[in-house]
Amino acid sequence: GICRTEVFFKDLTDAQIAAYLRTGEPYDKAGSYGIQGKGALLVDHIDGDYANVVGLPVSMLYEMLKEFGIQIL
């Protein structure tokens, strides 16, 4: 299966982007922002699974494992 999540950002000024860069938060993140941190202030909305943006879409993984007879619960 595929888990797709679209992240929509606010219209940001150069000053807002520069301020976020100064936090140092984006430099160790895939996509260069941390939606679970200060980067959340930049996001307008998402379409899809928040867990997919943060890391692993656990709910989807659970459903896929069940298809292989692996019961976690």
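Once you list every other residue whose beta carbon is under 14 Å from the beta carbon of Asp47, what net charge do they have if Lys and Arg are +1 and Asp and Glu are -1? So the surrounding residues net to -2. Working from Cα pairs under 8 Å separated by at least six residues, relative contact order for segment 10-73 is 21 percent. Shown here: percent of Cα pairs over 20 Å apart, derived from the displayed model; of the candidates (i) 25; (ii) 38; (iii) 42, it corresponds to (iii).
Across segment 15-22, computed HN-Hα scalar couplings (Karplus, 6.51 cos²θ - 1.76 cosθ + 1.60, θ = phi - 60°) run 5, 5, 5, 4, 5, 5, 4, 5 Hz from first to last residue, x flagging Gly and Pro. For the chain, the dipole from Cβ point charges (+1 on Lys and Arg, -1 on Asp and Glu) about the Cα centre works out to 200 debye, to the nearest 20.
Read-outs: derived from the displayed coordinates by stated rules, not from any lab. Treat the numbers as computed from the prediction; the structure is a model and nothing was measured. Here Cβ is always computed from backbone atoms with ideal geometry, including for glycine, and neighbour counts include all displayed protein chains.
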